[in-house]
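Derivation of every value follows stated rules applied to the coordinates shown; laboratory data play no part. Being a predicted model, the structure only gives us computed values, none of them experimental. A quick note on method: Cβ atoms are made from the backbone with ideal geometry, for glycine too, and the neighbour counts reach across all protein chains shown.
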Amino acid sequence: MTIKLSKDDEKRAKIFKALSEVKRIEIIRYLHHHRSCNTCGEVGEAMGMDKSNVSYHLKILYEADLIELYRKGQNKNSVLREDTFNEWMPGFLDSL
């Protein structure tokens with residue numbers, strides 16, 4: 001019997017890979033508790049990371065559909081995609 005990989009499996013793998021890094025979980029926690037506009041600089045300052053490092057982690061979280069990035073002037077702001085968490089990992093955000 002052959003078991004085929006589904007698109008859902010690919011999505012799960014991408015989400016879990018994105019969350020396999022402690023710094024990214026910390027970023028998710030920060031965004032969950034600070035729901036206002038969060039620029040890369042604000043996240044970096046709060047977490048003691050430089051902007052390029054934060055930007056790298058945000059990109060991975062964005063590619064896994066865990067956050068949304070949008071421009072506001074010259075800044076990119078980050079916000080959690082709670083719909084993704086609720087669909088794929090209900091209760092995860094409450095555990096933070």
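The 3J(HN,Hα) values that the Karplus relation (6.51, -1.76, 1.60; θ = phi - 60°) gives for segment 80-96 are, in residue order, 5, 9, 4, 4, 5, 4, 5, 6, 9, 9, x, x, 4, 4, 5, 7, 7 Hz. Gly and Pro appear as x. Taking the average, over residues, of other Cβ atoms within 10 Å as the packing measure, peptides 42-49, 89-96 rank 42-49, 89-96 from highest down. Between the Cα long axis of helix 51-63 and the first principal axis of the chain there is an angle of about 30°, rounded to the nearest 10.
Summing Cβ point charges (Lys, Arg +1; Asp, Glu -1) relative to the Cα centre of segment 28-88 gives a dipole of roughly 240 debye. Against the main long axis of the alpha-carbon atoms of the chain, helix 22-33 sits at an angle near 70°.
Only one residue of V43, Y30, N53 has its Cα farthest out toward the positive end of the dipole of the chain, where Lys and Arg carry +1 and Asp and Glu -1 on Cβ, and that residue is N53. Among the listed values (1) -0.49, -1.11; (2) -0.38, -1.14; (3) -0.69, -1.20, the one computed from these coordinates for log10 I(q)/I(0) by the Debye sum over Cα atoms at q = 0.12, 0.22 Å⁻¹ is (2).
The helix-based estimate of mean residue ellipticity at 222 nm for the chain, built from -39,500 (n - 2.57) per DSSP H run of four or more residues and divided by its residue count, is -16000 deg cm²/dmol to the nearest 500. What FRET efficiency do you get for A46 and D9 if R0 is 41 Å and r is their Cβ-Cβ distance, rounded to the nearest 0.05? In this case the efficiency is close to 0.75.
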